[in-house]
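Data block below; observations after.
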Amino acid sequence: MTDAMHQVARQLGVPVNDARLIRLTNNAVFALPSAGLVIRITRSHQLHDRVHKVVRLAQWFAQIDAPTIRLAPDIAQPVQVGNLLASVWRYVPSAPQEPTVENLGTVLREFHALGAPPFPLAAWDPVRDARLRISDAEALSDSHRALLLGWCNRLAPQVAALNRRSGEQQLIHGDAHVGNLLCQPIGHVVLCDFDATCIGPWQADLAAVAVGEARFGRTAAHSVLAAAYGYDVTTDPDWPLLRDARELKMIAAAVPLLASSAGIAAEFDTRLRSIVEDDQHARWTPYAQLSH
(Lines give C-alpha, C1' and ligand atoms only; values in the text may rest on other atoms or scores of the structure.)
Protein backbone atom coordinates (compact mmCIF):
# COMPACT_ATOMS: atom_id res chain seq x y z
CA MET A 1 0.00 0.00 0.00
CA THR A 2 2.86 2.38 0.76
CA ASP A 3 4.40 1.62 -2.65
CA ALA A 4 1.05 2.31 -4.30
CA MET A 5 0.73 5.62 -2.44
CA HIS A 6 4.18 6.64 -3.69
CA GLN A 7 3.15 5.77 -7.25
CA VAL A 8 0.01 7.91 -6.99
CA ALA A 9 2.04 10.78 -5.58
CA ARG A 10 4.52 10.51 -8.45
CA GLN A 11 1.66 10.60 -10.97
CA LEU A 12 0.36 13.76 -9.30
CA GLY A 13 3.80 15.30 -8.87
CA VAL A 14 3.39 15.92 -5.14
CA PRO A 15 5.84 15.43 -2.23
CA VAL A 16 5.63 12.50 0.18
CA ASN A 17 8.19 13.64 2.75
CA ASP A 18 5.56 13.91 5.48
CA ALA A 19 3.19 11.18 4.25
CA ARG A 20 1.69 9.03 7.00
CA LEU A 21 -0.76 6.16 7.20
CA ILE A 22 -3.92 7.24 9.04
CA ARG A 23 -6.15 4.21 8.49
CA LEU A 24 -5.71 0.63 7.33
CA THR A 25 -8.83 -1.52 7.04
CA ASN A 26 -10.48 -2.24 3.69
CA ASN A 27 -8.77 0.91 2.46
CA ALA A 28 -5.28 2.22 3.08
CA VAL A 29 -5.63 5.94 3.78
CA PHE A 30 -2.55 8.18 3.68
CA ALA A 31 -2.34 11.84 4.64
CA LEU A 32 0.10 14.04 2.68
CA PRO A 33 -0.12 17.33 4.60
CA SER A 34 2.51 19.20 2.55
CA ALA A 35 0.58 18.41 -0.61
CA GLY A 36 -2.76 19.13 1.03
CA LEU A 37 -4.04 15.71 -0.02
CA VAL A 38 -5.34 12.42 1.32
CA ILE A 39 -4.85 9.32 -0.85
CA ARG A 40 -7.31 6.48 -0.26
CA ILE A 41 -6.42 3.12 -1.85
CA THR A 42 -8.87 0.23 -1.95
CA ARG A 43 -7.15 -2.99 -0.90
CA SER A 44 -9.71 -5.49 -2.23
CA HIS A 45 -10.33 -5.96 -5.95
CA GLN A 46 -13.91 -6.92 -5.07
CA LEU A 47 -14.57 -3.34 -3.95
CA HIS A 48 -13.35 -1.48 -7.05
CA ASP A 49 -16.91 -0.61 -8.12
CA ARG A 50 -17.24 1.32 -4.88
CA VAL A 51 -14.39 3.64 -5.82
CA HIS A 52 -16.21 4.75 -8.97
CA LYS A 53 -19.43 5.19 -6.97
CA VAL A 54 -17.70 7.25 -4.28
CA VAL A 55 -16.08 9.55 -6.85
CA ARG A 56 -19.42 10.17 -8.55
CA LEU A 57 -21.14 10.83 -5.23
CA ALA A 58 -18.39 13.23 -4.15
CA GLN A 59 -18.74 15.19 -7.37
CA TRP A 60 -22.49 15.51 -6.75
CA PHE A 61 -21.95 16.46 -3.11
CA ALA A 62 -19.72 19.32 -4.24
CA GLN A 63 -22.35 20.55 -6.69
CA ILE A 64 -25.06 20.74 -4.02
CA ASP A 65 -22.75 21.87 -1.18
CA ALA A 66 -23.48 18.81 0.95
CA PRO A 67 -21.94 18.51 4.45
CA THR A 68 -19.18 16.23 3.14
CA ILE A 69 -15.46 16.14 2.50
CA ARG A 70 -14.36 17.20 -1.00
CA LEU A 71 -12.31 15.48 -3.66
CA ALA A 72 -9.02 17.13 -4.57
CA PRO A 73 -9.60 19.48 -7.52
CA ASP A 74 -8.17 19.13 -11.03
CA ILE A 75 -7.41 15.40 -10.75
CA ALA A 76 -8.99 12.79 -13.04
CA GLN A 77 -10.47 10.24 -10.66
CA PRO A 78 -10.26 7.48 -9.69
CA VAL A 79 -6.50 7.08 -10.09
CA GLN A 80 -5.29 3.66 -11.22
CA VAL A 81 -2.02 2.21 -9.92
CA GLY A 82 -1.36 -1.21 -11.38
CA ASN A 83 -4.42 -3.25 -10.42
CA LEU A 84 -5.36 -0.92 -7.56
CA LEU A 85 -7.69 2.07 -7.53
CA ALA A 86 -7.27 5.23 -5.47
CA SER A 87 -9.27 8.35 -4.80
CA VAL A 88 -7.64 11.64 -3.81
CA TRP A 89 -9.19 14.09 -1.36
CA ARG A 90 -8.51 17.46 0.16
CA TYR A 91 -6.52 17.17 3.36
CA VAL A 92 -8.27 18.52 6.45
CA PRO A 93 -5.76 19.57 9.14
CA SER A 94 -6.45 18.54 12.71
CA ALA A 95 -8.81 20.93 14.46
CA PRO A 96 -8.57 21.89 18.14
CA GLN A 97 -11.95 20.25 18.77
CA GLU A 98 -12.73 16.64 17.89
CA PRO A 99 -16.10 15.85 16.25
CA THR A 100 -18.78 14.64 18.66
CA VAL A 101 -21.79 12.36 18.57
CA GLU A 102 -23.94 15.48 18.76
CA ASN A 103 -22.24 16.72 15.57
CA LEU A 104 -23.06 13.37 13.97
CA GLY A 105 -26.77 13.71 14.74
CA THR A 106 -26.88 17.21 13.29
CA VAL A 107 -24.92 16.33 10.14
CA LEU A 108 -27.00 13.19 9.55
CA ARG A 109 -30.25 15.17 9.62
CA GLU A 110 -28.80 17.48 6.96
CA PHE A 111 -27.42 14.56 4.94
CA HIS A 112 -30.73 12.68 4.97
CA ALA A 113 -32.51 15.81 3.74
CA LEU A 114 -30.44 15.85 0.52
CA GLY A 115 -32.71 13.32 -1.16
CA ALA A 116 -31.62 10.73 -3.70
CA PRO A 117 -28.90 11.66 -6.23
CA PRO A 118 -29.79 12.15 -9.92
CA PHE A 119 -28.17 8.84 -10.86
CA PRO A 120 -28.81 5.22 -9.86
CA LEU A 121 -27.58 4.13 -6.46
CA ALA A 122 -27.79 0.62 -5.03
CA ALA A 123 -30.26 -0.22 -2.28
CA TRP A 124 -29.06 -0.77 1.28
CA ASP A 125 -27.81 -4.34 1.35
CA PRO A 126 -25.40 -5.21 4.18
CA VAL A 127 -25.77 -8.87 3.25
CA ARG A 128 -24.38 -8.34 -0.26
CA ASP A 129 -21.47 -6.41 1.20
CA ALA A 130 -20.72 -9.23 3.63
CA ARG A 131 -20.86 -11.83 0.88
CA LEU A 132 -18.41 -9.83 -1.24
CA ARG A 133 -15.93 -9.79 1.61
CA ILE A 134 -16.42 -13.51 2.31
CA SER A 135 -15.74 -14.35 -1.34
CA ASP A 136 -12.48 -12.35 -1.15
CA ALA A 137 -11.19 -14.07 2.00
CA GLU A 138 -8.28 -16.44 1.52
CA ALA A 139 -7.67 -16.98 5.25
CA LEU A 140 -11.28 -17.73 6.26
CA SER A 141 -11.79 -21.23 7.64
CA ASP A 142 -14.49 -23.46 6.17
CA SER A 143 -16.43 -23.47 9.44
CA HIS A 144 -16.35 -19.68 9.74
CA ARG A 145 -17.30 -19.31 6.08
CA ALA A 146 -20.31 -21.60 6.55
CA LEU A 147 -21.38 -19.74 9.67
CA LEU A 148 -21.17 -16.32 8.00
CA LEU A 149 -22.96 -17.48 4.86
CA GLY A 150 -25.71 -19.00 6.98
CA TRP A 151 -26.09 -15.67 8.77
CA CYS A 152 -26.30 -13.91 5.39
CA ASN A 153 -28.94 -16.32 4.12
CA ARG A 154 -31.07 -15.76 7.22
CA LEU A 155 -30.77 -11.99 7.09
CA ALA A 156 -31.20 -11.40 3.34
CA PRO A 157 -35.01 -11.72 3.09
CA GLN A 158 -35.45 -9.54 6.19
CA VAL A 159 -33.31 -6.78 4.68
CA ALA A 160 -35.22 -6.98 1.39
CA ALA A 161 -38.54 -6.72 3.24
CA LEU A 162 -37.36 -3.65 5.20
CA ASN A 163 -36.24 -1.95 1.99
CA ARG A 164 -39.69 -2.54 0.51
CA ARG A 165 -41.39 -1.12 3.62
CA SER A 166 -39.18 1.97 3.55
CA GLY A 167 -41.07 3.36 0.57
CA GLU A 168 -39.57 6.63 -0.72
CA GLN A 169 -35.92 6.46 -1.70
CA GLN A 170 -33.73 7.89 1.03
CA LEU A 171 -30.02 8.63 0.83
CA ILE A 172 -28.14 7.05 3.74
CA HIS A 173 -24.45 7.20 4.59
CA GLY A 174 -24.24 3.49 5.44
CA ASP A 175 -21.45 3.70 8.04
CA ALA A 176 -22.41 6.66 10.22
CA HIS A 177 -20.16 6.95 13.26
CA VAL A 178 -17.96 9.67 14.74
CA GLY A 179 -14.87 8.15 13.12
CA ASN A 180 -16.33 9.18 9.75
CA LEU A 181 -16.61 12.84 10.72
CA LEU A 182 -13.99 15.50 10.10
CA CYS A 183 -13.87 18.88 11.82
CA GLN A 184 -12.59 21.57 9.49
CA PRO A 185 -10.41 24.39 10.89
CA ILE A 186 -13.35 26.81 10.62
CA GLY A 187 -15.34 24.48 12.88
CA HIS A 188 -17.64 23.05 10.22
CA VAL A 189 -18.13 19.27 10.63
CA VAL A 190 -18.44 17.10 7.52
CA LEU A 191 -18.93 13.42 6.67
CA CYS A 192 -16.34 11.27 4.92
CA ASP A 193 -16.05 7.62 3.72
CA PHE A 194 -18.90 6.95 1.29
CA ASP A 195 -18.08 3.32 0.47
CA ALA A 196 -21.38 2.16 1.97
CA THR A 197 -23.55 5.12 0.89
CA CYS A 198 -26.75 3.89 -0.71
CA ILE A 199 -30.52 4.20 -0.80
CA GLY A 200 -32.39 2.69 2.12
CA PRO A 201 -34.08 3.14 5.50
CA TRP A 202 -32.66 6.24 7.24
CA GLN A 203 -32.87 4.41 10.58
CA ALA A 204 -29.91 2.28 9.50
CA ASP A 205 -27.65 5.32 9.90
CA LEU A 206 -28.62 5.63 13.57
CA ALA A 207 -27.83 2.00 14.37
CA ALA A 208 -24.03 2.27 14.23
CA VAL A 209 -23.71 4.41 17.35
CA ALA A 210 -26.21 2.34 19.35
CA VAL A 211 -24.49 -0.93 18.44
CA GLY A 212 -21.07 0.62 18.94
CA GLU A 213 -22.04 1.71 22.44
CA ALA A 214 -23.18 -1.80 23.28
CA ARG A 215 -20.14 -3.54 21.79
CA PHE A 216 -17.35 -1.05 22.52
CA GLY A 217 -18.60 0.11 25.93
CA ARG A 218 -19.08 3.76 24.98
CA THR A 219 -21.49 5.17 27.52
CA ALA A 220 -24.10 7.84 26.76
CA ALA A 221 -23.19 8.14 23.06
CA HIS A 222 -26.49 6.79 21.81
CA SER A 223 -28.65 9.06 23.99
CA VAL A 224 -26.71 12.11 22.75
CA LEU A 225 -27.20 11.04 19.11
CA ALA A 226 -30.91 10.39 19.66
CA ALA A 227 -31.35 13.86 21.17
CA ALA A 228 -29.38 15.60 18.40
CA TYR A 229 -31.14 13.76 15.58
CA GLY A 230 -34.54 13.67 17.23
CA TYR A 231 -35.14 9.92 17.13
CA ASP A 232 -34.21 6.92 19.29
CA VAL A 233 -33.56 4.05 16.90
CA THR A 234 -33.65 1.47 19.69
CA THR A 235 -37.41 2.11 19.98
CA ASP A 236 -37.93 1.38 16.28
CA PRO A 237 -39.91 -1.79 15.46
CA ASP A 238 -37.06 -2.84 13.16
CA TRP A 239 -34.31 -2.30 15.74
CA PRO A 240 -33.49 -6.05 16.17
CA LEU A 241 -32.93 -6.34 12.40
CA LEU A 242 -30.94 -3.10 12.23
CA ARG A 243 -28.70 -4.30 15.06
CA ASP A 244 -28.22 -7.71 13.44
CA ALA A 245 -27.31 -6.11 10.11
CA ARG A 246 -24.85 -3.71 11.75
CA GLU A 247 -23.12 -6.49 13.65
CA LEU A 248 -22.77 -8.54 10.48
CA LYS A 249 -21.08 -5.54 8.84
CA MET A 250 -18.80 -5.02 11.86
CA ILE A 251 -17.62 -8.63 11.72
CA ALA A 252 -17.44 -9.13 7.95
CA ALA A 253 -15.35 -5.96 7.49
CA ALA A 254 -12.31 -7.87 8.73
CA VAL A 255 -12.70 -10.97 6.59
CA PRO A 256 -10.40 -9.91 3.71
CA LEU A 257 -7.74 -8.81 6.22
CA LEU A 258 -7.44 -11.96 8.34
CA ALA A 259 -4.17 -13.03 6.76
CA SER A 260 -2.53 -9.64 7.16
CA SER A 261 -3.01 -8.97 10.88
CA ALA A 262 -2.91 -11.35 13.82
CA GLY A 263 -4.68 -8.74 15.93
CA ILE A 264 -7.58 -8.43 13.51
CA ALA A 265 -7.82 -12.23 13.21
CA ALA A 266 -8.06 -12.60 17.01
CA GLU A 267 -10.69 -9.86 17.24
CA PHE A 268 -12.66 -11.47 14.41
CA ASP A 269 -12.75 -14.74 16.39
CA THR A 270 -13.90 -12.87 19.51
CA ARG A 271 -16.72 -11.14 17.66
CA LEU A 272 -17.91 -14.24 15.86
CA ARG A 273 -17.87 -16.31 19.05
CA SER A 274 -20.06 -13.72 20.81
CA ILE A 275 -22.60 -14.01 17.98
CA VAL A 276 -22.59 -17.82 18.07
CA GLU A 277 -23.06 -17.76 21.85
CA ASP A 278 -25.65 -14.94 21.62
CA ASP A 279 -23.58 -12.94 24.10
CA GLN A 280 -24.89 -9.40 23.62
CA HIS A 281 -22.71 -8.12 26.46
CA ALA A 282 -19.37 -9.22 24.97
CA ARG A 283 -17.03 -6.27 24.42
CA TRP A 284 -15.27 -5.77 21.10
CA THR A 285 -12.19 -3.76 20.07
CA PRO A 286 -12.30 -1.53 16.95
CA TYR A 287 -10.38 -3.06 14.06
CA ALA A 288 -8.69 0.27 13.37
CA GLN A 289 -6.89 0.01 16.71
CA LEU A 290 -5.45 -3.37 15.71
CA SER A 291 -4.58 -2.99 12.05
CA HIS A 292 -1.10 -1.50 12.46
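The values are calculated or read from the model by the stated rules, or taken from the named source; none is laboratory data. Every value quoted in this text rests on a predicted model; they were computed, and no experiment measured them. We place every Cβ from the backbone using ideal geometry, glycine too, and count neighbours over all the protein chains shown.
Of note:
- Selection status of residue 24, surrounded by 19 or more Cβ atoms within 10 Å (Cβ to Cβ), in contact with a strand residue (DSSP E or B) (Cβ under 8 Å, 6 or more places away or on another chain) and either touching a residue at least 40 places away in the same chain (Cβ under 8 Å) or of a type in the set (Val, Ile, Thr) (or both): no
Each row is one residue, and each column tells you yes or no for (1) in a helix (DSSP H, G or I); (2) under 24 Å from residue 271 (Cα atoms); (3) of a type in the set (A, V, I, L, M); (4) at pLDDT 95 or above.
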site: 153; (1), (2), (3), (4): yes, yes, no, yes
site: 157; (1), (2), (3), (4): yes, yes, no, yes
site: 165; (1), (2), (3), (4): yes, no, no, no
site: 202; (1), (2), (3), (4): no, no, no, yes
site: 246; (1), (2), (3), (4): yes, yes, no, yes
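- Residue within the range 171-184 that is small (Gly, Ala, Ser), closer than 30 Å to residue 78 by Cα and either touching a Ser or Thr at 6+ places or on another chain (Cβ under 9 Å) or without any contact (Cβ under 8 Å) to a residue 12 or more places away in the chain (or both) present: yes
- Candidate set: the range 266-288, residues that are touching a helix residue (DSSP H, G or I) at 6+ places or on another chain (Cβ under 8 Å) and part of a helix (DSSP H, G or I); chosen: the one surrounded by the fewest Cβ atoms within 10 Å (Cβ to Cβ): 276
- All helices (runs of 4 or more DSSP H) inside the range 34-137 with 3 or more residues being assigned by TED's automatic domain parsing to the domain that holds residue 222 and modelled with pLDDT under 95: 126-135
- Evaluating residue 213 against the criteria (1) without any contact (Cβ under 8 Å) to a residue 24 or more places away in the chain; (2) not in a helix (DSSP H, G or I) leaves one unmet condition, (2).
- Residues in the range 77-91 include at least one that is of a type in the set (D, E, K, R) and closer than 27 Å to residue 6 by Cβ.
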